[in-house]
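In what follows, a single structure is set out as C-alpha cells and then discussed.
Any read-out appearing in this document is the output of simple, stated calculations on the displayed coordinates, not a laboratory observation. Predicted model, so just to flag it, every value in this text is computed and none were measured. As a convention, Cβ positions derive from the backbone with ideal geometry for all residues, glycine included, and neighbour counts pool all protein chains shown.
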Amino acid sequence: MQPKGHFGVYGGQYVAETLMGPLQELAAAYDEAKKDPEFQREFQEILHDYVGRESPITVCKRLSAHLGGATIVLKREDLNHTGAHKVNNTIGQALLAKRMGKKRLIAETGAGMHGVATATVAALLGMPCEVYMGAIDVKRQSPNVERMQMLGAKVHAIEEGSATLKDAMNEALRDWVTNCDDTFYVIGTVAGPYPYPDMVRDFQRVIGDEARRQCLAKFGRLPDQAIACVGGGSNAMGLFAGFLDDKEVKLVGVEAGGKGIPSGEHAASINGGRLGVLHGAKTMLLQTDVGNIIDTYSVSAGLDYPGVGPEHCYLHDIGRAEYSVICDDEAIAAFDDLCRFEGIIPAMESSHALAEAIKRAPTLPKETILLVNLSGRGDKDMENIMAYKKARGLKG
Ligand SMILES: *Cc1c(COP(=O)(O)O)cnc(C)c1O
C-alpha cells in the first residue's frame with residue numbers, strides 16, 4: 001500500500017501552507033461522501049436523469065471491416081449531455097461542494113470545456129460560478145466563453161504570464177486561498193493536489209465500470225485493449241479504473257504528439273516531459289531546462305494540460321499501462337474515418353485514441369476487441385478542423 005495521495009514518486013500536496021487546511025477538509029469530506037449511500041444515490045440519479053447515462057457501446061462494423069483486422073468498439077461519452085465526459089466529474093464535485101456547505105464554485109479552464117461543464121452544474125444546482133481562463137484562450141475559444149456566460153457564469157480573462165491554462169490555474173488557486181471558507185475549487189482532470197486525482201478518477205470511473213459490464217453482456221468477455229486519449233488524463237483514468245484488476249486487458253493512453261515530439265510542439269507529458277511540480281502535485285510535465293512550464297501545442301485544444309495526472313505516471317512506470325503518441329495529421333485522418341464509415345463526428349481529443357486503434361487494428365485478428373473511449377463529440381471542433389485542412393490543401 002502506498003501512503004494516501006501518492007502514486008509511487010508522483011502526486012502529493014505541493015501547495016502553500018494556507019491551502020493545507022482546505023485540502024484536509026476536502027479530503028475528509030470526500031472520504032465520508034464516498035461511503036455515504038445517499039451521496040452516491042444522488043450522484044447516480046443525476047447521471048441517469050440529467051446526463052442520460054448509461055452511454056452505450058457501439059461496434060464500428062464498417063470501419064473495422066475496412067481496416068481488415070481487430071474489431072473497434074466505442075464507449076459513447078459523446079452522447080452525454082454537454083457532449084463529453086467532463087460533466088460526470090463536475091456533477092460529483094458540485095454535489096460534494098453542496099454537502100460541505102460551500103456556496104460558490106470556481107474553476108480554471110483552457111479550451112473552455114471544463115468551464116462549460118462547471119457552469120452547467122452550477123446552473124443545475126443553483127450556485128454562482130466564476131471561471132478563470134487565460135486571455136489568449138478567451139480569444140481562441142470564444143464560443144465556449146459565450147456558452148459559460150449564457151449559463152450564468154462569470155469568466156475572468158487572465159492577462160498574466162503566457163495568458164493560458166497554467167496562468168488560469170494559478171489564479172484559481174489564489175482565489176481559493178482567499179475564499180476557501182465559502183468556495184469550492186472544481187478541478188477538471190485527474191491532476192492537482194490530493195485528493196483531486198483520486199476524487200476525479202472515482203467520479204469518472206462510471207465510464208470504465210459501465211463499459212466493462214457492457215462488454216461482458218455484448219461479447220461474453222472483456223475487451224483485449226482499452227484505449228483513451230490523455231490530456232490531464234481523466235477520461236483515460238475513468239476508463240482504466242474499470243479494468244485495472246483485469247490483468248489481461250491492455251491499457252493504452254494516447255498523448256497528443258502535435259507536430260511530433262522532436263519539434264517540441266506537442267502536449268505529450270509522459271513521452272516528452274520531465275518530472276516536476278505543477279498545480280500542487282509532482283508529475284511529468286512540459287518544462288524548460290530551468291523548470292518553467294512550456295505551453296502545449298496540439299490541433300486538439302482540449303489536450304492542452306501541460307502536465308498529466310500522477311496516477312498515469314505511476315501506471316506507466318510499473319508497466320500496467322502504456323502511453324503512445326499520435327500526431328495532428330493522424331488524428332485528423334482518424335476523425336475523417338469515423339465520420340465517413342460510422343456517421344459519428346468525434347471530438348479532436350477522442351480522435352487521438354481512435355487513431356491509435358486504427359493503427360493497431362490491421363495487425364490483429366478479427367476476434368480482438370479494441371475498446372476506444374469516445375470522450376466527446378466534435379461539433380465544437382468544426383471550424384478548427386476546416387481551417388487545419390484548408391491550410392494544408394486537404395479536402396473538407
Ligand atoms: C477535456 C477533454 C479531454 C482531455 O481531458 P482528460 O482529462 O485527459 O480526459 C478529452 N476529450 C474531450 C472530449 C475533452 O473535452
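Where a ≥ b ≥ c are the square roots of the eigenvalues of the C-alpha gyration tensor, would you call the chain rounded, which needs a/c under 1.5, or, failing that, prolate if a/b is larger than b/c, or oblate? Rounded. Contact order, relative form, for the chain: 20 percent (alpha carbon pairs under 8 Å, 6 or more residues apart, mean separation divided by residue count).
Relative to one another, the C-alpha centroids of the range 160-220 and the range 230-294 are positioned 15 Å apart.
When only Cα pairs below 8 angstrom with a gap of at least 6 residues are kept, the range 97-141 shows a relative contact order of 43 percent.
The range 101-148 and the range 7-43 have Cα centres lying 22 Å from one another. Treating each Cα of the range 146-218 as one equal point scatterer and applying the Debye formula with no solvent, the log10 of I(q)/I(0) at q = 0.21 Å⁻¹ comes out as -1.06.
A simple rule links phi to the HN-Hα coupling: the Karplus curve 6.51 cos²θ - 1.76 cosθ + 1.60 with θ = phi - 60°, which for the range 350-359 gives 4, 4, 5, 5, 4, 4, 5, 5, 5, 5 Hz, with x for Gly and Pro.
Spin-label point model (7 Å from Cα, Cβ direction): what's the ASP245 to ASP379 distance in nm? Placing both labels 7 Å along Cα→Cβ, they lie 3.8 nm apart. By DSSP, the beta bridges lying fully in the chain are antiparallel in about 30 percent of cases. Computed from backbone phi, the HN-Hα couplings of the range 96-113 come to 5, 4, 4, 4, 7, x, 7, 9, 9, 9, 10, 8, 10, 8, x, 6, x, 5 Hz, rounded to whole numbers (Karplus: 6.51 cos²θ - 1.76 cosθ + 1.60, θ = phi - 60°; Gly and Pro given as x).
Think of the range 261-396 as a dipole: +1 on every Lys or Arg Cβ, -1 on every Asp or Glu Cβ, centred on the Cα centre; then among LEU371, VAL299, CYS313, LEU371 lies furthest on the positive end. How about the range 128-189: which GluC sites (Glu not before Pro) there are in a DSSP loop, with at most 13 other Cβ atoms within 10 Å of their Cβ? Filter output for the range 128-189: GLU159, GLU160. Counting every other Cβ atom within 10 Å of each residue's Cβ, GLU311, GLU255 order from fewest to most as GLU311, GLU255. Look at MET284, MET382 and count the other Cβ atoms within 10 Å of each Cβ; fewest to most, that gives MET382, MET284. Of ILE326, ILE227, ILE344, the residue with the greatest mean-square motion in the GNM of the chain, using alpha carbon springs below 10 Å, is ILE344. Length available on full extension from LEU125 to ILE345: 0.36 nm per residue minus the Cα-Cα distance, which gives 76.2 nm. Measuring nothing but how far apart in sequence close Cα pairs (under 8 Å, 6+ apart) lie, relative to its length, the range 38-185 scores a relative contact order of 20 percent. Under a model in which nothing but the beta-carbon of Lys, Arg (+1) and Asp, Glu (-1) is charged, the chain shows a dipole of about 940 debye around its Cα centre. Prolate is the label for the range 1-142, because a/c, from the alpha-carbon gyration tensor with a ≥ b ≥ c as root eigenvalues, is 1.5 or above and a/b exceeds b/c.
As a proxy for reagent exposure, ranking ARG174, ARG104, ARG377 by other Cβ atoms within 10 Å from fewest up yields ARG174, ARG104, ARG377.
For the cross-link pairs LYS166/LYS282; LYS102/LYS139; LYS86/LYS390, the ones whose C-alpha atoms lie over 20 Å apart are LYS102/LYS139; LYS86/LYS390. Positive end of the dipole of the chain (Cβ unit charges, origin at the Cα centre): among VAL230, GLY134, GLN24, the Cα lying farthest that way belongs to VAL230. Looking at the range 151-292, the DSSP beta bridges with both ends there are about 45 percent antiparallel. Note on the range 334-365 and the range 55-92: Cα centroid distance 10 Å, given to the nearest whole angstrom.
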